[in-house]
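First the structure, in the form of structure tokens, and then the observations on it.
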Amino acid sequence: MTVKSNLKRFLKWELFLFIFLVGELIFFGLLTPSFLNVQNLLFSINDFAYIGLAAIPMTFVIITGGIDVSVGSIMGLSSITVGVLWAGGLNIWVALIIALIVCALAGLLNGLIVAYTDVQPLVVTLGTMFLFAGIALVISGGSSATGYEGISGFPNSFVQIANGITLGLPNSIWLILFFLLIFGVLLHLTKYGRNVYLVGINMKAAKYSGIATKWIVMSTYMLAGLGGGISGIILTSYFSSARSDLGAQAILPVITAVVLGGTSILGGRGTVLGTVIASIVVGMMNYGLQLSGMTSEQTTIIVGGMLIVAVVMRRFNINYVKKWFVANGSTTTKGS
């Protein structure tokens with residue numbers, strides 16, 4: 001019994017991901033020796049921190065059986081809102097808070113439509129993706145944000161949010177750890193988190209058991225909107241430029257990180273830790289491939305392939321694999 005329980009623990013998806021991450025680091029280290037430079041690795045997280053910050057709240061949405069493809073547009077809306085308000089003379093921190101409120105309201109709109117209609121979440125958020133992107137472009141067109149320049153010249157205190165160092169580590173690492181702690185506790189150690197899982201497992205049963213299913217669904221989309229808003233602010237701080245198209249390519253790596261992290265696309269299963277590890281896997285994959293000479297377009301093909309493989313692997317019942325290993329392990333133990 002001890003052998004079986006230890007083997008089951010070993011076969012947890014998060015451990016698979018961690019082993020894969022280590023293998024990924026070794027592979028790219030052999031391919032490009034400069035890849036394993038500790039400073040390079042630490043500061044490379046600045047390049048993809050926004051993926052994890054958006055993917056962690058997205059985990060809640062997908063656990064309920066939904067999906068939000070508008071998160072990239074929300075990032076752009078967040079960025080340009082901060083830029084325009086600050087350029088208009090508002091204090092940068094007040095502008096930041098207003099932008100986050102706008103993004104939470106954008107998420108609420110998604111949640112309201114999904115919760116109170118029979119329209120599929122993919123269709124709803126596909127529509128709002130264009131809606132939010134259009135609003136961001138309109139705001140951008142009414143300001144000085146043009147082309148790839150956007151609005152720049154932000155205060156150094158704002159720029160240091162994404163580019164600064166605290167206690168010897170990049171701020172982006174601390175932000176991801178903070179999100180891991182807050183959202184991990186919320187999902188795994190609270191009644192709200194249990195209700196999120198129950199809604200994803202069986203919406204009707206959750207409703208009959210007295211759970212406010214509509215509120216749970218709406219709140220998860222609000223969290224996703226807030227996560228997208230924070231990611232947009234991090235990107236704005238990182239590039240020191242506010243643009244309406246920031247985050248336009250974010251949806252693929254964000255959803256890949258969530259699904260690769262073990263969250264079932266059908267709902268009812270997933271962990272925040274898995275999403276965080278998968279975000280690092282996806283980010284390091286991008287970093288390693290680009291360092292080895294691939295273009296961003298070529299790396300997108302790899303990330304898309306990872307998403308397909310992750311969906312197939314999670315759809316294929318991993319318990320069959322566990323049972324096979326356990327059975328063979330037991331046979332080996334008896335034989336010896």
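Just so you know, all these numbers are worked out from the coordinates, no wet-lab data involved. Because the structure is a prediction, the values reported are computed rather than measured. Reconstructed Cβ throughout: ideal geometry from the backbone, glycine too, with neighbour counts over all protein chains shown.
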Listed with the fewest Cβ neighbours within 10 Å leading, SER140, SER78, SER209, SER241 appear as SER209, SER241, SER140, SER78
Row for segment 68-141, column shape: gyration tensor on C-alpha, a ≥ b ≥ c, rounded if a/c < 1.5 i.e. under 1.5, prolate if a/b over b/c, else oblate; value prolate
Candidate aspartates and glutamates for bridging to LYS214, where Cα separation is under 18 Å - those fewer than 8 sequence places away on the same chain excluded:
ASP68, ASP118
Rank by packing, highest mean first: peptides 258-267, 60-69, 282-291, 20-29, with packing defined as the count of other Cβ atoms within 10 Å averaged across residues.
60-69, 258-267, 282-291, 20-29
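If you take the Cα Rg of segment 176-215 and divide it by 2.2 N^0.38 Å, with N the number of residues, what do you get?
On the way: Rg = 11.7 Å, N = 40, 2.2 N^0.38 = 8.9 Å.
Against the empirical 2.2 N^0.38 Å value, I get 1.31 for segment 176-215.
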Using the Cα gyration tensor of segment 1-137, with a ≥ b ≥ c the square roots of its eigenvalues, what is the shape: rounded (a/c below 1.5), prolate (a/b larger than b/c) or oblate (neither)?
oblate
The equivalent-ellipsoid semi-axes of segment 80-209, taken as the square roots of five times the Cα gyration tensor eigenvalues and listed largest first in whole Å, are 34, 24, 11
Sorted by mean Cβ packing within 10 Å, highest first, what order do the peptides 243-250, 95-102 take?
243-250, 95-102
Give the Debye-formula value of log10 I(q)/I(0) at each listed q (0.11, 0.12, 0.14, 0.21 Å⁻¹), with one equal scatterer per alpha carbon of segment 29-105, two decimals each.
-0.47, -0.54, -0.67, -0.95
In whole Å and largest first, what semi-axes does the C-alpha gyration tensor of the chain yield when each eigenvalue is scaled by 5 and square-rooted?
35, 26, 17
Residue span THR117 to ILE302: 0.36 nm per residue of separation minus Cα-Cα distance leaves a gain in nm of 63.0 nm
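How would segment 233-308 be classified by its alpha-carbon gyration tensor: rounded, prolate or oblate, with rounded meaning a/c under 1.5 and the a/b versus b/c comparison settling the rest?
Because a/c hits 1.5 or more and a/b fails to exceed b/c, segment 233-308 counts as oblate.
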Order the peptides 182-188, 213-219 from the highest to the lowest mean number of other Cβ atoms within 10 Å of their residues.
213-219, 182-188
Can you give the Rg/Rh ratio of segment 94-134, where Rg is from the C-alpha atoms and Rh is the Kirkwood radius?
1.06
What are the radius of gyration and Dmax of segment 180-239, computed over its Cα atoms and given in Å?
14.3, 48
Descending principal axes extents, segment 143-227, alpha-carbon based, whole Å:
54, 38, 15
Once whole DSSP H runs in the chain are found, which of them have Cα atoms spread over 18 Å or more along the helix axis and a mean Kyte-Doolittle score of at least 0.5?
13-31, 38-63, 71-87, 92-116, 121-141, 171-188, 213-239, 272-291, 296-315
Given 4 °C and 1.567 mPa s, compute D for segment 188-297 with the Stokes-Einstein relation, Rh being the Kirkwood radius over Cα pairs; round to the nearest whole µm²/s.
81
